[in-house]
Each structure stands twice: as structure tokens, then as C-alpha cells.
Amino acid sequence: MTAYSDFSDVSCRYFSMPGSVNTEAVFEAVAKRAAAMTLGRIVVATCSGRTALAARKALPAGLKIIAVTHVTGFRDPDIQELKEENRNELLARGVAVLTSAHAFGSVGRGIRNKVGAYQVDEIMACTLRMFGQGTKVAIEIALMAADAGLIRTDEDVIAIGGTKDGADTALVIRPATSAHCLDLKIREIICKPADL
């Protein structure tokens, strides 16, 4: 029998289904884990701003929240899903807002849309979706926030993603920039859907 001397038992919450129904439970688990680890930065995906506003209301005031939006034109040309009034409310509540090219689908998606050939970034995204859409999103927004200098690559953060609306996944991540994406480490799974 092998004796293990260096390990930790950490709770992971698995949801029976993906989607926004899990948002409140995600924030509860994130608050608990952030306090236990003394983590100070949370990166959260948001389209309309609702999920980021809910995070700000649900999570302790000491946690720095960075809201990462879709790029302008994601759904329709020249349209930004995050309305200006929601952006202003997030900023007024101390939430940083990042709108930038998606780490797993900007230039590569443009090439696929034009010539039908998948690029490495989209293949990575498809692979990560095997763990759930929220997992892919959480990793992608951590890369984007690191690219923007809003999080450090030598400090763990919690990244929150979801499937369609709301949140259903939270990961403790050691971030990396997109140019060094394979250096990113998923340190813990706080919660995710078990049924994808």
C-alpha cells in the first residue's frame, strides 16, 4: 500500500444540468473557495452585464471582479451586447470591464467563416467543450484578462463561465497570456455541470 503524504481534499460541486439555473450556487461556491484561498480576483463572463452585476452583488466587496464581454459584432455586425447603461453600472460598482478579441475565436473564426478551415484556436475550444461550455469560457476569459493586464500570470484567479446565460462553471486558474496559452493551469474545479 502506498502512503500519500502531500494532498488535499477539496470539495467540487457538480450540477445536474448546465445553465443559468446554477448561477446563485456558483457564486456561493466561489465566495467560499475564494475566502479559503484568500484569492482576490474573479474573472466572470457576461454578455448583457447581468451575470457580472449578480456576481458583484453576491460576492464579498473585497473581491476584485473583472467582467469579460463578447466582442462587438459577436451576434450582429457593429452591435455590442453589453448596453452602455449596464457598462456604466458595472464601472460604478467597481467592476472592471474587458471587451476584446476572443482568445479562442477571433481571426481563426474569421478564416473558418470565409474558407471553411478550422484553425488551432477553434480546435482548442472544441476540445475544452468536452469538459463543458463553461469550462471553455472560463479558460478563454482568463487568457483574455491576462492579455489585457487585468490579472497576473503568477497569481491564481477564479474564472467563472457558463452555458448560454448565467454561470455554471468556476475554476481556480493560474493564468497565462494567449501567446503562452499552454502555460495556463487549471488548479481546481470549484463547480461545473456533470451532465453536458
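The values are calculated or read from the model by the stated rules, or taken from the named source; none is laboratory data. Predicted model, so just to flag it, every value in this text is computed and none were measured. All Cβ positions, glycine included, derive from the backbone under ideal geometry; neighbour counts span all protein chains shown.
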Only one residue in 142, 125, 148, 96 is closer than 18 Å to residue 42 by Cβ and buried (at least 19 other Cβ atoms within 10 Å of the Cβ). Which one?
142
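Got at least one residue in segment 142-160 being among the charged types (D, E, K, R), touching a helix residue (DSSP H, G or I) at 6+ places or on another chain (Cβ under 6 Å), within 24 Å of residue 31 (Cβ to Cβ) and in a helix (DSSP H, G or I)?
If we filter segment 142-160 for residues that are among the charged types (D, E, K, R), which is where we start, we get 147, 152, 154-156.
Remaining after also requiring touching a helix residue (DSSP H, G or I) at 6+ places or on another chain (Cβ under 6 Å): 147.
Checking the rest, the ones that are also within 24 Å of residue 31 (Cβ to Cβ) come to none.
There is no residue in segment 142-160 that is among the charged types (D, E, K, R), touching a helix residue (DSSP H, G or I) at 6+ places or on another chain (Cβ under 6 Å), within 24 Å of residue 31 (Cβ to Cβ) and in a helix (DSSP H, G or I).
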Would you be able to say whether some residue in segment 104-111 is modelled with pLDDT of 95 or more and within 20 Å of residue 66 (Cα to Cα)?
no
Of the listed residues (69, 51), the one being touching a Ser or Thr at 6+ places or on another chain (Cβ under 6 Å), of a type in the set (Val, Ile, Thr) and crowded, with 17+ Cβ neighbours inside 10 Å is 69
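Is it true that some residue in segment 105-122 is closer than 21 Å to residue 57 by Cα and not in a strand (DSSP E or B)?
Among the residues of segment 105-122, not one is closer than 21 Å to residue 57 by Cα and not in a strand (DSSP E or B), which makes the answer no.
Residue check: is residue 30 of a type outside the set (Lys, Arg) and either closer than 19 Å to residue 163 by Cβ or without any contact (Cβ under 8 Å) to a residue 12 or more places away in the chain (or both)?
Working: of a type outside the set (Lys, Arg): yes; either closer than 19 Å to residue 163 by Cβ or without any contact (Cβ under 8 Å) to a residue 12 or more places away in the chain (or both): yes.
The answer is yes for residue 30.
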So, of the residues in segment 151-168 that are acidic (Asp, Glu) and farther than 19 Å from residue 125 by Cα, which turns out to be surrounded by the fewest Cβ atoms within 10 Å (Cβ to Cβ)?
154
